[in-house]
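Encoded as structure tokens, the structure appears first; notes follow it.
Nothing in this text is a laboratory measurement; each read-out follows from the coordinates by a stated rule. Because the structure is predicted, anything quoted here is derived from the model rather than measured. Using ideal geometry, Cβ is built from the backbone for each residue, glycine included, and neighbour counts are taken over all protein chains shown.
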Amino acid sequence: MPLSVAPDAGRSFGAVFEAIKPLVPIPILLAVLPALWWFFRDTWKELDDEAAAWRASPLSTGRFDPRPFVALALVAIVLTLQDYYGGRTYFDGVVRPLLAKLDLSHPRLVRLVKYDELYGFAWWVFSRVAGYVSPFLVWKLCFREDSLLDMGLRVRGFFKHTGVYALFLAIVLPTMLVVSRQPDFGAYYPFYRNSSRSWYDFLLWEGMYFTQFFGLEMFFRGFFLGALRRSFGSGAIFAMAVPYCMIHYGKPFLEANGAIVAGIALGSLSMKTKSIYQGFLVHITVAGLMDWLALWHRHTLPTVFWPPG
């Protein structure tokens, strides 16, 4: 009898969880956001004081500051272009035919059939990184007196904040271990389905994936916050968290909600440490382990280094 009851109990719990799933993030956010305020309240106050001083300075008094307009317009343009032209549909219609012609003349070099899916993700990574980096160039043309290094790119003092990085991982990793057992996470990751074919496929994909994350951190935690912190103060962090959450639409529901917390936490960390690098390390550690755990739970970790054939 116990053997027949357990599966029914498991199915009942799963059904109940799916029914209340839309409400699950609310108590979690109510619990986590005050903790973020307590941890980063000094950083947020420092940003607000800096913004107040900037608005009261002779440089800004009576003058229109075009920085919010330029920064937010660039963010909107980049994210729109990426959504319409940075995905698989555009790749299949425009980029892949060019690769197919090249494959005819250099089949041993291109190997389109073997790495077709990976080429699609290579286009996705290229479009993301190019879009995320380009605003820095535009910004320098518009505001020559601003230093791009102040947009989270300084490495000075990196090791001073390694304890904060360790603390973030200590909080995030146990949560990730629990979440990785959800069916939607296991079915969603890794994006590159042939990651299980060989360690070469897996490592090549992770290298591309991590490169995309570096561009993402440059864009959201570097450019966005660096351009708007003096105008918006701590509000720049919360404004950044909105589009950052929205780029997660289409991913598992709990992850998209988690992006709200991650956006605020990583943005605050960037402003606290004055660099994007700790947030980048947190991001790739979580992303890489999520891919590995998804394959491990499905018992599909690679067994050979080179792909067969």
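Observations
- Cα gyration tensor shape of segment 113-222, rounded if a/c is under 1.5, else prolate or oblate by comparing a/b with b/c: oblate
- Contour excess over end-to-end distance, with Cα ends at residue 169 and residue 26 and 0.36 nm allotted per residue: 49.2 nm
- Here the translational diffusion coefficient of segment 100-147 follows from Stokes-Einstein with Rh set to the Kirkwood radius across Cα pairs; for 4 °C and 1.567 mPa s it amounts to 98 µm²/s.
- On the beta carbon distance between residue 254 and residue 191, with R0 = 22 Å, the FRET formula returns roughly 0.80.
- Computed from the C-beta positions of residue 35 and residue 303, the FRET efficiency with R₀ = 30 Å rounds to 0.10.
- Structure-derived Rg/Rh (Cα atoms, Kirkwood Rh) - corresponding label in [x] 1.02; [y] 0.95; [z] 1.04: [x]
- Reciprocal mean inverse distance between Cα atoms of segment 225-309 - Kirkwood radius, Å: 15.0 Å
- Segment 150-291: equivalent-ellipsoid semi-axes (sqrt of 5 x gyration tensor eigenvalues, Cα, Å): 26, 17, 14
- Once the Cα gyration tensor of segment 178-252 is diagonalised, semi-axes √(5λ) in Å: 31, 17, 8
- Net charge dipole size for the chain [Lys, Arg +1 and Asp, Glu -1 on Cβ; Debye, nearest 20]: 440 debye
- Label separation (residue 54 vs residue 210): 3.3 nm, computed from points 7 Å beyond Cα along the C-beta direction.
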